[in-house]
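J.: To start, I am sharing the structure in question, which I have written as structure tokens.
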Amino acid sequence: MHDILPEQISLWQTLEDRARVVLEGYGYQELRTPLLEVTELFARSIGEVTDIVEKEMYSFDDRNGESLSLRPEGTASCVRAAIEHGLFSSPRRLWYRGPMFRHERPQKGRYRQFHQIGVEVFGLEGPDIDQEVVLLTRRLWNAVGLRGLRLEINSLGEGEERAVYCRELTDYLQRDVQYLDEDSRRRLQTNPLRVLDSKNPDMQEVIAGAPRILDHLGKESREHFDRFCAGLDQAGIGYQVNPRLVRGLDYYNRTVFEWITDSLGAQGTVCAGGRYDTLVAQLGGPRTPAVGFALGLERLVAMLGAGQSLSLDGLDAYLVAVGEAPMAKALVVAEDLRNAVPGLRLLCHCGGGSFKSQFKKADRSGARYALVLGEGELERGIIGVKPLREAGEQLEVALEELPAFFTGKA
């Protein structure tokens, strides 16, 4: 687990703010759920034989002996909240953000506490909503200036179709069981689909020769997937059909997708999701079709901090005051300016020091302007305004006209 330092936080805040604007533009409403849930919720939804439930959840008994877990993902909690508060009366588009927890081996782009933004849509079953969530993610990449992502898609079909496929897949893998690692041999007996998700390079040849789930889709599942692909084509979204894409959670059916980068090493999935039409009923709610995705903020920040472009807005001004009377007046000037210009980002120097030392701090702050208040300026009722990020001479602005300067009305 790691800290997000002040030097990094502006990138996080800008990313979160732009994501919120995009999500609200599609009619999504924010939902905030607890960090702790009963362990059974995740065992029932994610799947008891997944790595998350078997190895990675932070679980413990509370004082009443009930097993609780820090949430390892957001979908199960959103479904639980929707059931508990009756949010299924009409189609709902929800989004969430916050920390998740998994006891994984830390590596680049992967931490034991990590942050996600995710969406969940309840009550819509057509491929058009699958297409919309992909369009939404593309708009988000554009909003933050993210480049170099590729989209991979697949369909897992329905339960009966998947069961037939899993039997054929198991028979195939049994013939090459000597090439499977220990985890894959165990999964072969419990959840053979997860073998296709293995990143073990020694198994890739075996996995490449496995049967394709797309060849086992029924008529309705095939038609759903074909319409989804046609919608992406019409919207001009490039994609690759990856028949080995299965996702790591048991609740998915039909459409699954991932946005992937090659710039983060092994942890290349930046955003992933799909349909989960049976999960709401499985957790005790009404039969409700659903689709969603989650994106990892740490991975986006890593990409944006490694050469990708994301313009950040810093301080507007840094107020330098030299002399006893100007120092006493500076905080009042700063407060009056903040009152007159809502949203202005103004740092008022505190702690004294020479003009030279204060001005160096103003420059290092990243502010667009230094505001200079000395004895002479105070006597004349003016303040010096020095551009710090572009060429220009220091201006003298009357104190009462300073708000007009920052609102562009001077």
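The values are calculated or read from the model by the stated rules, or taken from the named source; none is laboratory data. What you see is a predicted model, and the numbers here were worked out from it, not measured in a lab. Counting neighbours? That spans all protein chains shown, and the Cβs are built from the backbone with ideal geometry, glycine included.
J.: Please enumerate the residues belonging to the range 1-49 that are in a helix (DSSP H, G or I), among the polar types (S, T, N, Q) and over 20 Å from Trp141 (Cα atoms).
T.: Within the range 1-49, Thr39, Ser45 meet the criteria.
J.: Also, quick follow-up: Does Gly351 satisfy the condition of being closer than 14 Å to Pro326 by Cα, exposed (fewer than 14 other Cβ atoms within 10 Å of the Cβ) and under 42 Å from the mean Cα position of the chain (by Cα)?
T.: Yes: the conditions hold for Gly351.
J.: Considering every residue within the range 28-39, establish whether at least one is at pLDDT 85 or above and closer than 30 Å to Ser184 by Cβ.
T.: Yes; the residues of the range 28-39 include at least one that is at pLDDT 85 or above and closer than 30 Å to Ser184 by Cβ.
J.: Considering only residues that are at pLDDT 90 or above and in contact with a helix residue (DSSP H, G or I) (Cβ under 9 Å, 6 or more places away or on another chain), which ones fall in the range 254-269?
T.: Those that are at pLDDT 90 or above and in contact with a helix residue (DSSP H, G or I) (Cβ under 9 Å, 6 or more places away or on another chain): Arg254, Thr255, Phe257, Trp259.
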